[in-house]
Amino acid sequence: MTLEQQITTLAKAAVKALYNVDAEDSQIQLQKTRPEFEGNITLVVFPFVKTARKAPQVVGDEIGNWLLGNGEGLIARFNAVQGFLNLVIDDAFWVKQLEAIDADDNYGRFQSPITHHQSPIGAQPLMMVEYSSPNTNKPLHLGHVRNNLLGYSIAQIQEANGWKVVKTNIVNDRGIHICKSMLAWLKFGNGETPETSGKKGDHLIGDYYVRFDKEYKAQITELTAQGMDEETAKREAPLMQEAQEMLRKWEAGDPEVRALWEKMNSWVYAGFDETYRRLGVSFDKIYYESNTYLEGKSEVEKGLASGQFYRREDGSVWADLTRDGLDEKLLLRSDGTSVYMTQDIGTAKLRFRDFPIDKMVYVVGNEQEYHFKVLSILLDRLGFPFGKELVHFSYGMVELPNGKMKSREGTVVDADDLMDKMVEDAKEISKDKVNTLQGITEDEANEIARKVGLGALKYFMLKVDPRKNMLFNPAESIDFNGNTGPFIQYTYARIRSVLRKAGEREEKDGEILETRGLDPKELALIQRLTEYPAAVRTAGEEFSPAVICNYAYALACDFNSFYHDLSILNEPDAHKRALRLLLASNVAKVLRSAFALLGIEMPERM
């Protein structure tokens, strides 16, 4: 039973004994004691003032005295300030909490989630989290990095909250953008491959996407110079006409086009896999648009037949959403080719066929909020019961100091290049640290730099409220001071160093802990540790890894304050030394657990 639960039970008993009132749980309002007052937890007594017919100060004193006499040693003392009863919890309680944390291998994780409507009674509810969603015409970039890190962390956090999570990806492997890269490679590639170029496959294909855009713009310029208006030139440019024809051939199953598509996509997938592996994210199930769009087209045709959708004179199929406060949405082009919405309808159908999903979460940027509103409405109209319950986790965009990324102009910051830079920066910074990386091999030093560099990147991306746009600053993210990943990793490594030294000295003090006269720094640190499960729960409810980041930073700050003021290894009192070693060990345990939820590895040495 948590402290809050124990105080709630005692407070209800106090109100019943003192005022003969059966208090509701909602009336027991607890909060953290404000720093200017002594106490660990505060009970708001205003809800009972009217019933008691006494002043708030008197009610606070009466409840406080009752808790002191009936709390079985839980309450050490109290002070009542107006309608707020500040309770000081007995030191022995905090030590028991510390021992319980140490003994719990799953501390912070919830094993008994509520049962949801899709799952059989008693079964673990299933959440599917979709993230990444790359196009096979270019490598993953900085925007994808935030998407992947958010998606993976959300999945880890929801698992910690008792969900069974299926991590899924939809690869956009067909469409006009793919044909652009294919066509450019045919025209300008001279048979170049990842092996002959020495480039990752996704980077190679991305180069040809940029090449298409360059040549396409040149054709538009030439046509407009001949007197054609710009919009017509965009449609009539030979390259665009050829790309559209290639798309039609692809959808018709042309063997040459399909063979080229399979070859070039295989290069891209190999590149994606390498990037995902370095980034530390993974998927349980991958869907491909090339397999799902036909399911979507079939559903659109059914909707057309049932009158849910309509066909225009040019043959295109549309949905009228004006009665839902939106506009009209294209579902099939006049040439019969499908759009993203069609694919997403098919993908949703297949997913709910493949898994007993209780909650479907799409991790997609806020630029697509309209898209997911429409998807939810269309699925509902098509008769899918899950349509209205889809969750669009809408997150903000990533910006650079010099503005937003534009992939078609070739100015994108590739995920691979970004990770390389972060690891190199970590290597450079470590050279300037005193007593850093002494007595280890070059391979070990490189591994530490990898963990620190990628930890800096991940933490900086995740510490910001996910719904806000953010400015990514590599130099700020790698700083060993302040609210950064390396600062928390360094705190962890410091604790591990202390514990190794304690082991070398063969400390045998762990059996008897000091339970009286705890220092305020010790109490604050233990109390912070007890808040970890609540932080995990809140992060799950809000779909926010930032909650875990904020908690880990606060815990690291508390430990460093404790470490600065109190000796651990050189403490002469064996019982105090044992307590502080256990306290340090639990801080390391919780920091490691928290960072695992963020997908960040902890170095044992720094």
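The values are calculated or read from the model by the stated rules, or taken from the named source; none is laboratory data. Since we're looking at a predicted model, the values are computed, not measured. As a convention, Cβ positions derive from the backbone with ideal geometry for all residues, glycine included, and neighbour counts pool all protein chains shown. Keep in mind that these areas ignore ligands, DNA and RNA; they rest on the heavy atoms of the full protein, side chains included. Shrake-Rupley method; radii C 1.70, N 1.55, O 1.52, S 1.80 Å.
Kindly check whether there is at least one residue in segment 48-64 that is modelled with pLDDT under 95, among the polar types (S, T, N, Q), within 30 Å of Ala594 (Cβ to Cβ) and open to solvent by less than 80 Å² (accessible area, probe 1.4 Å). For segment 48-64, residues modelled with pLDDT under 95, among the polar types (S, T, N, Q), within 30 Å of Ala594 (Cβ to Cβ) and open to solvent by less than 80 Å² (accessible area, probe 1.4 Å): absent.
Number of residues in segment 79-130 that are at pLDDT 90 or above and among the hydroxyl-bearing types (Ser, Thr, Tyr): the value is 1.
Residues in segment 86-99 that are farther than 14 Å from Pro35 by Cα and either charged (D, E, K, R) or crowded, with 18+ Cβ neighbours inside 10 Å (or both): Ile89, Asp90, Asp91, Phe93, Trp94, Val95, Lys96, Gln97, Leu98, Glu99. Within segment 273-287, can you find the residues that are more than 18 Å from Val452 (Cα to Cα) and either touching a Phe, Trp or Tyr at 6+ places or on another chain (Cβ under 7 Å) or part of a loop (DSSP other than H, G, I, E, B) (or both)? Scanning segment 273-287 gives Ser282, Phe283, Asp284. Filtering segment 448-473 down to residues that are more than 19 Å from the chain's Cα centre (by Cα) and free of Cβ contacts under 8 Å to residues at least 60 places away in the same chain, which residue is least open to solvent (accessible area, probe 1.4 Å)? That would be Ala449. Checking the stated criteria, Ala252 turns out not to satisfy the condition of being open to solvent by 50 Å² or more (accessible area, probe 1.4 Å) and within 33 Å of the chain's Cα centre (by Cα). Answer yes or no as to whether Glu514 is modelled with pLDDT under 95, over 19 Å from Met461 (Cβ atoms) and surrounded by fewer than 17 Cβ atoms within 10 Å (Cβ to Cβ). So Glu514 fails the test. Taking the conditions (1) of a type outside the set (S, T, N, Q); (2) modelled with pLDDT of 95 or more; (3) farther than 16 Å from Cys549 by Cα; (4) open to solvent by 70 Å² or more (accessible area, probe 1.4 Å) in turn, Ile495 satisfies each one other than (4). Take the conditions (1) of a type in the set (Asp, Glu); (2) in a loop (DSSP other than H, G, I, E, B); (3) touching a residue at least 60 places away in the same chain (Cβ under 8 Å); Glu571 misses just one of them, which is (3). Selection of segment 147-200 for residues being in contact (Cβ under 8 Å) with a residue 24 or more places away in the chain, outside any helix (DSSP H, G or I), open to solvent by 10 Å² or more (accessible area, probe 1.4 Å) and of a type in the set (S, T, N, Q) yields Asn161, Asn172, Thr193. Of the residues that make up segment 571-582, is at least one open to solvent by 20 Å² or more (accessible area, probe 1.4 Å), small (Gly, Ala, Ser) and either within 29 Å of the chain's Cα centre (by Cα) or within 18 Å of Ala100 (Cβ to Cβ) (or both)? No; the residues of segment 571-582 include none that is open to solvent by 20 Å² or more (accessible area, probe 1.4 Å), small (Gly, Ala, Ser) and either within 29 Å of the chain's Cα centre (by Cα) or within 18 Å of Ala100 (Cβ to Cβ) (or both).
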